[in-house]
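Q: Below is a structure I'd like to ask you about.
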Amino acid sequence: MRWLAPILFAAVVACGDEDATGPDRQVELDQAFTIALGEQAAVVSTGLLITFAHVLDDSRCPPQSYCVWLGNATIVLDIERSSDAAELFQVCTNPDICPPGIALDPYELDLIDVDPPSLPRSALEYKVTLRVTAN
C-alpha cells in the first residue's frame, strides 16, 4: 500500500491547473488553424490566446438538403490579449446574424469554417477554423 500514495500524488499533480500547461498549440499569424471545442491556441508573437469556448447555437442547413434559409452557427471565443483579462467574443457563419470576424487592434480574427457542416451527435465533435491577420 505504500506505493499507492506516490502514484496518487503524481496523478493529482498531472491533472492540476489546466492553464499551467499552456495552450494546446502554437499557431502562426496569417495561417489558418483548426481547434476543437475547449482547445486553446496561442498566436505566435501576438500575445493572443484563443480558446474555442462554446457553440451558442447551430441552425445551419445540412449539406445536400433543400432549406428555406442558410442558417447560422454562432461560436463563442474566449480571447486573452497579453496580460489583459480574457474577453468573450461571438462570431457567426451567417454575416446577416453577426460578424464572421473580430477586430483585435492591431489584428483581425476571422472565422473560416465550422465543422461538422451540420449538427453533430455531440458538441465535442465541433471544430472551428480561424485565421489571425495583422491589420
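Q: Can you figure out the FRET efficiency of residue 119 with residue 83, using R₀ = 30 Å and their beta-carbon distance, to the nearest 0.05?
A: The formula returns an efficiency of 0.20 here.
Q: Which value results when the Cα radius of gyration for segment 10-135 is divided by 2.2 N^0.38 Å?
A: Relative to the rule-of-thumb radius for its length, segment 10-135 sits at 1.13.
Q: For residue 97 paired with residue 133, estimate the spin-label separation in nm (one decimal), with each label point 7 Å from Cα along the Cα-to-Cβ line.
A: Here the modelled spin labels are 2.4 nm apart.
Throughout, read-outs are computed from the coordinates displayed, never taken from laboratory work. All figures in this text were calculated on a predicted structure; none of them were measured in a lab. Please note: Cβ atoms are built from the backbone with ideal geometry, for glycine as well, and neighbour counts cover all protein chains shown.
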